[in-house]
Amino acid sequence: MVFGPVATLAIAGAAAAGATAYEGVRKQNAAIEASQRAQGEAAGLQQQQLTEAAALERNKRINEANMIRSRLRVSAGERGVGMAGSTAAFMRQLDYAASMNMAIINRNLANQNRAVMSGAQANIAALTAGLGNRLLSAFSGALGGASTGLQIGGAFPSEAPGAVTGSMTNPISDLPAWRNVK
């Protein structure tokens with residue numbers, strides 16, 4: 001079967017546009033997936049940094065509490081009163097303040113980690129919305145290419161010998177060929 005120039009242009013246009021659309025969406029999807037991976041890695045790194053900063057803050061608070069305890073012990077020893085009475089009350093207050101500081105640091109870390117994950121999930125969801133269907137894009141591109149090929153080909157007469165045209169007639173009945181199809 002020989003196709004006329006219109007059909008040939010339509011087929012060529014469909015193939016070229018379909019392949020181009022498919023490749024374009026494939027590359028776009030690959031870039032989006034790489035961005036999603038990078039977003040996840042960045043969130044993990046940010047959480048690691050927050051954890052390290054919280055550990056450093058905990059150590060600073062522990063050292064601070066230990067220095068205050070040492071001063072209280074030295075002061076009590078110099079006065080010769082021991083660790084009872086007001087010195088014991090100061091120590092209890094110091095222990096309470098230290099435990100509250102640890103709880104605050106831990107709560108802040110948990111909240112910051114949740115904020116990082118929430119932001120990362122929102123960014124990944126936004127990226128996911130940009131993913132395209134390669135098959136649908138190829139089909140859509142092929143339709144556009146075929147349409148363009150038909151428009152271009154329609155501008156030229158189809159006189160190729162043996163070409164399939166829309167105005168074929170049955171040589172026996174002299175009627176359009178489509179009427180004789182059973």
- Val74 to Ala126: extension gain in nm, 0.36 nm per residue of separation minus the Cα-Cα distance? 12.7 nm
- Note on the structure: In nm, the gap between the two label points placed 7 Å beyond Cα toward Cβ at Arg58 and Glu23 is 5.4
- What ³J(HN,Hα) values, in whole Hz, does the Karplus curve 6.51 cos²θ - 1.76 cosθ + 1.60 give for the range 97-107 when θ = phi - 60°, with x put for Gly and Pro? 4, 5, 5, 5, 4, 5, 5, 5, 4, 5, 5
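Read-outs throughout are calculated quantities, based only on the coordinates presented, and are distinct from any laboratory measurement. Keep in mind that what you see is a predicted model, and the values were worked out from it rather than measured. In this analysis, Cβ positions are derived from the backbone assuming ideal geometry, glycine residues included, and neighbour counts consider all displayed protein chains.
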